[in-house]
Structure formats: C-alpha cells, structure tokens
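Reading through the structure tokens given below for one structure.
Every number here is computed from the coordinates shown, using simple stated rules; none is lab data. Bear in mind that the values here come from a model prediction, so they are computed numbers and not experimental data. In this analysis, Cβ positions are derived from the backbone assuming ideal geometry, glycine residues included, and neighbour counts consider all displayed protein chains.
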Amino acid sequence: MREGLKVLLQVREEGVLADFAIGGAIAASFYTPAVATEDLDMFAFLRPSASGLLVLTPLYERLHQLGGRIESEHAVIGRWTVQILPNAFALTQRWEIYVKRYA
C-alpha cells in the first residue's frame, strides 16, 4: 500500500490531482478493527478541464507513466488495486443550489 500512496502523493504534488482522500475499508480501519479488503478506495478531487468537465485521462496517463496500469475500473499501482472515485462534490453542490432556487 505504501508504494501506491507514494505514487498518489507524487501525482498530487505534480498537480495532476487537486487532492485525494482515502475511503472504504482502509479509511475505516483508523476507527474500527481492520478488515480484509481487495482495493484502496480513492476519492479524486480533479482539476476541471478547459471545457469545465472532470476528466480522468490526465490522471490515468500519469499513473501509466509511473508504472501503473488500468484494469476495468481500477488502477493497479504496485501490488494494490486502486478504485478511483471522482469527487462529484462540485456537481452535487450546483444541483443543491438549483433545487433550492427552482423547487
């Protein structure tokens, strides 16, 4: 897991990710007894593209350059599979504003 976290920290430092947060069983293990897990759940705070869309391509390309590979919905970094979950907070926040305004 350490190798995967180092790569994620590097990608954040390079600016490919605005930030990230660890979720799932790994995050829960700080508060509960550890459980077995098959992947690392990572919430990706992406920088919007010029068109305003949240695009995973720059992140996937950089992970590939650093020795990772994409398999289905996971990025494999070292021995860990990382499920990348784009943070849709900004979209959710805009929807809440819309609903409050027009509901």
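Residues ASP19, ASP39, arranged from fewest to most other Cβ atoms within 10 angstrom of their Cβ, appear as ASP19, ASP39. Taking square-rooted eigenvalues a ≥ b ≥ c of the alpha carbon gyration tensor, is segment 2-102 rounded, prolate or oblate, where a/c under 1.5 means rounded and, failing that, a/b exceeding b/c means prolate? Judged from the Cα gyration tensor, segment 2-102 comes out oblate (a/c at least 1.5, b/c at or above a/b). Beta-bridge orientation, segment 2-102: approximately 70 percent antiparallel, per DSSP, counting only bridges with both partners inside.
Under a model in which nothing but the beta-carbon of Lys, Arg (+1) and Asp, Glu (-1) is charged, segment 2-102 shows a dipole of about 320 debye around its Cα centre.
With 0.36 nm allotted per residue and the present C-alpha distance subtracted, the ALA36-LYS6 stretch has 8.7 nm of extension available.
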